[in-house]
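**Student:** Take a look at the following structure, please.
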Amino acid sequence: MRRSSTMIQRKQTLFPLAAALLCGLSFVFPIARYTASSPQVMYELGTRQVYDTVQGVPVVDAPLKYPIWLLYALLGAVMLVDVFLFKNRKQQLTILRSSWILILLLAVVQVVTHQSVSAYLNAGRHLGSGLGPVMFFPLGILLFMYMAQRGIQKDEELVRSMDRLR
C-alpha cells in the first residue's frame, strides 16, 4: 500500500495530472475574446458556447459546430486514467502516445472554431479579437505529455538495466 502512494508522487505520474488540470481549467477561461471599439460590445468564446459578456447571456445564434468541451473532457479523463497506470508502464506509454492524436485534433478544432466564430461575429461590423489562455492550453498539455513520456521511458530503461545486472 505504501509503495503505490510513492509511485503516484513520481514526476512521470504528476505530469499527466498537470495536463488533466489544464483540461479542467479550460472550462473556466475563454478561448478567445472579441471586442468592438465601443465598450458595449464584448463576446467570449468558451469551450461550450459564445457569451455576450456585456449582457451576460449566451449568443444563441452562434452555436459551436465542434464539441470542444467534449474533447477537453475526454483528454482530461484519459490523462487521469494514465496517472493510475503507473504499475504498467508499457500500457501507460501506449495510452499517452495515442492521446497525442486527440490533443492535435483539439488544437485544430479550437483554431477552426475561433475563425468561424470570428467570421460570424464580424458580419456587418469590425470586432477585434484576442486569444484567451485556453487557446494555448494544447501546447502546455503537449509539453506535459512529452515530459511524462520521457520519464516513463527512463524508468523503463532503468528497469531493463537492473534486469540485465541480475
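The values are calculated or read from the model by the stated rules, or taken from the named source; none is laboratory data. Note that this is a predicted model, so its numbers are computed, not measured. Ideal geometry is used to build each Cβ from the backbone, glycine not excepted, and the neighbour counts take in all protein chains shown. The accessibility values were calculated without ligands, DNA or RNA, using every heavy atom of the protein model including side chains. Shrake-Rupley method; radii C 1.70, N 1.55, O 1.52, S 1.80 Å.
**Student:** Scan segment 26-47 and tell me whether some residue there is in contact with a His (Cβ under 7 Å, 6 or more places away or on another chain), of a type outside the set (S, T, N, Q), open to solvent by less than 30 Å² (accessible area, probe 1.4 Å) and part of a strand (DSSP E or B).
**Tutor:** yes
**Student:** So Tyr51 passes all but one of these: (1) hydroxyl-bearing (Ser, Thr, Tyr); (2) open to solvent by less than 90 Å² (accessible area, probe 1.4 Å); (3) touching a helix residue (DSSP H, G or I) at 6+ places or on another chain (Cβ under 9 Å). Which condition number does it fail?
**Tutor:** That leaves (3) as the condition not met.
**Student:** Could you list, in sequence order, the residues of segment 113-150 that are farther than 23 Å from Val28 by Cα and either of a type in the set (Val, Ile, Thr) or within 20 Å of the chain's Cα centre (by Cα) (or both)?
**Tutor:** Across segment 113-150, the qualifying residues are Tyr146, Met147, Ala148, Gln149, Arg150.
**Student:** Still on this structure, please answer the following. Return the residue satisfying two criteria in turn: it lies in segment 105-151 and is closer than 14 Å to Arg33 by Cβ and of a type in the set (A, V, I, L, M), and of such residues it is most open to solvent (accessible area, probe 1.4 Å).
**Tutor:** For segment 105-151, the residue satisfying everything is Leu131.
**Student:** Here is a further query. Under 7 Å by Cβ, and 6 or more places apart or on different chains, what pairs join a residue from segment 50-70 that is acidic (Asp, Glu) with one that is modelled with pLDDT of 85 or more and in a strand (DSSP E or B)?
**Tutor:** Matching pairs, first to second residue: Asp52/Tyr43.
**Student:** Considering only segment 54-70, how many residues are assigned to a loop (DSSP other than H, G, I, E, B), surrounded by fewer than 15 Cβ atoms within 10 Å (Cβ to Cβ) and within 24 Å of the chain's Cα centre (by Cα)?
**Tutor:** Qualifying residue count for the region: 3.
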